Amino acid sequence: MPAVENTLSQPQSHYRACHLCEAICGLKIVTEGEQIRSITGDKDDPLSRGHICPKGVALKELHGDPDRLRTPIQKVAGQWQPIAWQDAYQLVADKLSAIQRQYGDDAIGIYAGNPNVHNLGHMTHGSHFTRLIKTKNRFSATSVDQLPHHLVSLWMYGHQFLLPIADIDHTDLLLVIGANPLASNGSLLTAPDIRNRLSAIRDRGGEVVVIDPRRTETAKRASAHHFIRPGTDAALLLAMIKLIVDNRWQRPNHLTPLTDGLEQLSQAVAPFSVDWVSAYCGIEAATIERLTKRLCQANSAAVYGRMGVSTQAFGTLCQWAIQVLNLLTGNLDSVGGTLVSTPAINPAGPSDRAKGHFGRWHSRVRGLAEFSKELPCAVMAEEITTAGAGQIKAMITIAGNPVLSTPSADNLDKALASLDFMVSVDPYLNETTRHADLILPPASPLAHSHYDLIFNKFAVRNYAKYSKPVFARAADERLDHEIFNGLALALAAANGMPLQPLPAPEAMLALGLADGPYANSDNPLTPEQLLSAEHGIDLGPLTPSLPARLCTDNGRINAFPAPIATDIARLQQQMDRPTSSELTLIGKRDLRSNNSWMHNLPYLVKGKPRCVLLVHPNTLTKLHLSDGETAQLSANGNQLTVTIAASDDVHPEVVCLPHGWGHRFADTQQQVANEHPGVNFNRLADAKQLDPLSGNAVLSGFTVQLKPLDKTDKPL
Ligand SMILES: Nc1nc2c(c(=O)[nH]1)N[C@H]1C(S)=C(S)[C@@H](COP(=O)(O)OP(=O)(O)OC[C@H]3O[C@@H](n4cnc5c(=O)[nH]c(N)nc54)[C@H](O)[C@@H]3O)O[C@H]1N2
Ligand SMILES: Nc1nc2c(c(=O)[nH]1)N[C@H]1C(S)=C(S)[C@@H](COP(=O)(O)OP(=O)(O)OC[C@H]3O[C@@H](n4cnc5c(=O)[nH]c(N)nc54)[C@H](O)[C@@H]3O)O[C@H]1N2
Ligand code: SF4
Ligand SMILES: [Mo]
């Protein structure tokens, strides 16, 4: 693979954005011929200022990984064989069109995983192919992740992507609830070098307060950490709202006169007395009162909540209450509070067609609502296995590993094995793609150009960066946008439709820029500037932009969407039930891991095993278990054999296990990952447990049983 513009084998520096996580750090990659000499942080990147994490360094191993597929493969009589690209496109097109002719459009399911949104070619070209498949059975990682955020923004502000971002570079008080940015590097909060950004809050006299069932890496660096009983955050947040209402601590701002529903909202929170909630969530009443008062008194403050308050039974209620707290304390759309970003390409606003919609149709078997053309992935297995009109007979997975990443994982694993046809666009033969008939692998990420069309929307500064490929792809490899063009043209031809290929992603970026907010300013941002600014372009801090960008029909904020009222009643019922003292399971992210798919890189998995169950020492004593021992962890009728790690960072009633592991199948091609298998958290999570408002999966806070391993048990 020759390095682009590098025929002389001299060391050459390439600057690029890391596409692996939401932090989009600037990287400096030094190559010599075809070799990567080093990967370090780019000190001249205005957003990341030289920050890099071990995953960025591991791009070198990802690029060179011998297990990463280079050309398409086809399963013939149970054996994988290479197949030419054009033959692969043709085969996919023939199979998909035949299945749709026989069983109808909905017989094809599509699952799009997380790397789609981290990948330019997927963003610009993926839908060129998938929109030809007019199925209602579309799924993505959104419904095991941030769906409640989008739903709340749609309901309150009229647009799924009007997501106010915590202005952490200017805030005086950051309340982090259910997020661990020191391990995740920030989510719906693109803020590379988060450690220093959080330290800066404290250095300027501000506070960082963390509410989490585990004393996390972030909690350890915060001004204060409070343990919370998993899944009880909605009650806590409602009690805080009630305190504000009862004490008239609201701080009106320019949005207050434009807000509907404040009166109903005040009445709805009335039952949530601090004492009742304190007993339920495990945080002292005085702490709740003090924290609420500080939120109202601070010059600026932001409440920020992520996975821990999204993938739980009250995920939507939590995300709604967080917006309400920011609104009532006068911090919504305010410097140091929360602000909507203005990216160079495709900022959310009234003229945008992608506002989103909810409940236009429902899943066939369980009747769950679609959100913006996607059904919750918790219904995927039942839609494949339940016979009848509309049953899924074929699946397309694109950059996803749902066998490890979605609940009731065993059911999905079995369901995928029963399909008539499956194709995966993915660089690995892994737990999910082993079920495919064909795998189409994109070339190395370093052969792709990059521009972050999604995470610039969630960044703490307005910022734009285009990255050139570091290496040219080999003649027999394909870039992801080429794969989608190939699939789209073949499928259109199979259906007798004329279709043109889309131009390269760069042309699409130029169109997006021309349509964006910086094109017609005094100092316009041109495609030439973007393409040549190798360290990225800082477009300034986030600034207030509401109400002009509200997308609701009446141009106002809806502070009390109707479904919220019924969910508050559900919460009250839940709180009336006696609380059990059983163990609950929560998840964990590790700096050296990225969901399920980077465990094949030796640099990231070396050292002590990372897939261990954290248990409080007192709990271990009670259960006659000890550190380092293996034990049986069970829930919802399934068991895992886990390795115990004693830790007083978890609350005694909580145990903690990372997700994304369970590399236990011999028919995959991930040698290193299979040597470090770990266990699959999602074999215990139950696809029937959902946040009923959004259909988002419950991946945290469910009851588990832990006991010594019965020596006659086989490891699971
Ligand atoms: N229990 C539990 N479950 C969880 C979570 C949790 O916290 N706890 N987190 C959830 C969250 S937030 C998410 S986002 C999901 C993630 O869920 P998924 O997206 O389903 O899983 P990933 O592990 O991200 O798998 C990514 C897949 O994309 C492939 N891939 C990587 N790069 C590329 C590329 O450039 N192109 C293509 N075509 N393929 C690529 C990889 O080989 C892998 O197969 O998991 C969710 N599941
Ligand atoms: N290193 C690394 N970085 C990643 C990823 C990765 O896998 N590894 N994945 C990326 C992806 S796809 C995403 S979506 C982001 C996620 O980014 P984050 O949301 O910051 O990551 P998590 O570690 O899932 O943080 C969730 C926190 O919620 C806590 N929690 C669990 N249950 C509850 C609860 O009931 N209440 C409260 N208050 N807290 C609770 C957990 O203890 C945990 O600390 O990270 C991204 N970055
Ligand atoms: S923090 Fe995220 S973007 Fe930065 S180097 Fe690590 S994986 Fe890449
Ligand atoms: Mo995610």
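So what is log10(I(q)/I(0)) for the range 581-708 at q = 0.09, 0.20 1/Å, when the Debye sum runs over its Cα atoms only? Cα-only, vacuum Debye calculation for the range 581-708: -0.26, -1.18. For the range 1-142, the average shadow cast by the Cα convex hull is 11.6 nm², which is a quarter of the hull's surface.
By DSSP, the beta bridges lying fully in the chain are antiparallel in about 55 percent of cases.
What the Cβ-Cβ distance of Asp246 and Ala474 gives, at R0 = 51 Å and to the nearest 0.05, is a FRET efficiency of 0.15.
Among residues other than Pro376 with Cβ under 12 Å from its Cβ, the summed charge is -3 (Lys and Arg +1, Asp and Glu -1). Counting only lysines at least 8 places from Lys293 when in the same chain, those with an alpha carbon closer than 20 Å to its own are Lys242. Amide H contacts of Leu539: Asn462, Tyr463, Ala464, each under 5 Å away and 5 or more positions distant or on a separate chain (H built 1.01 Å from N in the peptide plane; Pro and chain starts excluded). Shown in residue order for the range 649-658 are the 3J(HN,Hα) couplings computed by the Karplus curve 6.51 cos²θ - 1.76 cosθ + 1.60 at θ = phi - 60°: 7, 9, 4, x, 8, 10, 10, 9, 9, x Hz (x for Gly and Pro). Between the amide H of Ile165 and those of Leu339, Val340, Ser341, distances stay under 5 Å, these residues lying 5 or more places away or on another chain, with hydrogens modeled in the peptide plane. For the range 210-226, the Karplus equation 6.51 cos²θ - 1.76 cosθ + 1.60, evaluated at θ = phi - 60°, returns couplings of 10, 10, 6, x, 10, 6, 7, 4, 5, 4, 5, 9, 8, 6, 8, 10, 10 Hz by residue, with Gly and Pro reported as x. Cross-link pairs exceeding 22 Å in C-alpha to C-alpha distance, out of Lys414/Lys606; Lys28/Lys465; Lys373/Lys414; Lys75/Lys606; Lys43/Lys606; Lys622/Lys688, comprise Lys414/Lys606; Lys373/Lys414; Lys75/Lys606; Lys43/Lys606; Lys622/Lys688.
Residues Phe314, Phe421, Phe665, ranked from the fewest to the most other C-beta atoms within 10 Å, line up as Phe665, Phe421, Phe314. Think of the chain as a dipole: +1 on every Lys or Arg Cβ, -1 on every Asp or Glu Cβ, centred on the Cα centre; then among Gly231, His128, Gly205, Gly231 lies furthest on the positive end.
What share of Cα pairs, in percent, lie more than 16 angstrom apart in the range 306-374? Distances greater than 16 Å cover 69 percent of the Cα pairs. Shown for the chain are the DSSP H helices of 24 Å or more along their axis, judged by Cα atoms, with a mean Kyte-Doolittle hydropathy of at least -1.0: 85-103.
For the range 62-79, backbone phi angles converted through the Karplus equation (6.51, -1.76, 1.60; θ = phi - 60°) give residue-by-residue couplings of 5, 4, x, 4, x, 7, 5, 6, 9, 9, x, 10, 10, 8, 10, 6, x, 10 Hz, Gly and Pro being listed as x.
For the range 204-244, the set of trypsin sites (Lys or Arg not before Pro) satisfying both a DSSP loop assignment and a count of at most 12 other C-beta atoms within 10 Å is given as Arg204. Only beta bridges with both residues in the range 581-708 are counted; by DSSP, about 75 percent of them are antiparallel. The base-10 log of I(q)/I(0) for the range 12-64, evaluated at q = 0.29, 0.31 Å⁻¹, reads -1.17, -1.28 [Debye formula, identical scatterers on Cα atoms, solvent excluded]. For the range 488-561 versus the range 21-64, the inter-centroid distance based on Cα atoms is 26 Å. Using a Debye calculation, one point per C-alpha and no hydration shell, please list log10 I(q)/I(0) for the range 453-568 at q = 0.11, 0.14, 0.16 Å⁻¹ in order. Values returned for q = 0.11, 0.14, 0.16 Å⁻¹ are -0.66, -0.89, -0.98. Under 5 Å between amide hydrogens, built in the peptide plane, is the criterion, and for Val210 it picks out Val176, Ala224, His225, His226 among residues at least 5 positions away or on other chains. Extent along the principal axes, Cα only, for the chain: 75, 69, 53 Å, with the longest axis given first.
Distance from the Cα centroid of the range 112-127 to that of the range 253-309 is 37 Å (rounded to whole angstrom).
Bear in mind these aren't lab numbers, they're just calculated from the coordinates by the rules spelled out. Computed from a predicted structure; not experimentally measured. So basically every Cβ, Gly included, is an ideal-geometry build from the backbone, and we count neighbours across all protein chains shown.
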